[in-house]
Amino acid sequence: MANRAALRELQQRLASRLQAARGQEQSVSWLAVVAGGSRYLFPLTQADEIFPSTQVQPVPYAQPWFIGVANLRGGLFGVVDLAHFVGGKAKAPAAPGTPSEGSFVTLNAALEVNCAILIEQLAGLRGVESFKASHEAPAGSPEFFGHLYVDADGVRWQELNLQLLSQSPSFLGIGV
């Protein structure tokens, strides 16, 4: 119970910082997340709200990475398992109606896709100054992969262009 309260507090702090970063001219550019053991950077202008995991209703005849739909603050959002979609790392399916582990990050409403992305962990906000090197996306990467950044500890962070992701035919094609 204490862990859940601490997680909610962290999510609220990150959401507050995310809103503050949007309103100010700062060097903060990304929301850093972990999914499937991989590290990703979501542009702040393309990400929206962070929600604790909640019940997800499965959708029949959908791709395995499309977990289902969830009611987030009165809106109906499709939920995508990022690790499974990008890397094919499927988690064991949860029983219908049970909360997923992790958090949901919704796409900005300007992208016109009611979608929440399931992630395992929030890793804070990052700016260009957080990294010591930047490389083009690896050859053969999906079109929504941006630059690959390396931090001072040698950890790699893959930037995801959520706008390109939301327009990708493979992302929009949830049916099997």
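Scan (1) modelled with pLDDT under 95; (2) within 28 Å of residue 88 (Cβ to Cβ); (3) open to solvent by 60 Å² or more (accessible area, probe 1.4 Å) for the single condition residue 39 breaks and write down its number.
(1)
In this structure, is residue 165 part of a strand (DSSP E or B), surrounded by 18 or more Cβ atoms within 10 Å (Cβ to Cβ), at pLDDT 95 or above and of a type in the set (A, V, I, L, M)?
Considered against the rule, which asks whether it is part of a strand (DSSP E or B), surrounded by 18 or more Cβ atoms within 10 Å (Cβ to Cβ), at pLDDT 95 or above and of a type in the set (A, V, I, L, M), residue 165 comes out as no.
Can you pull out the residues in segment 55-86 that are in a loop (DSSP other than H, G, I, E, B), open to solvent by 30 Å² or more (accessible area, probe 1.4 Å) and among the aliphatic types (A, V, I, L, M)?
Passing the criteria: only 59.
The values are calculated or read from the model by the stated rules, or taken from the named source; none is laboratory data. For clarity, every value in this text was computed on a predicted model and none was experimentally measured. Neighbour counts run over all protein chains shown; Cβ positions are idealised from the backbone, glycine included. The accessibility values were calculated without ligands, DNA or RNA, using every heavy atom of the protein model including side chains. Shrake-Rupley method; radii C 1.70, N 1.55, O 1.52, S 1.80 Å.
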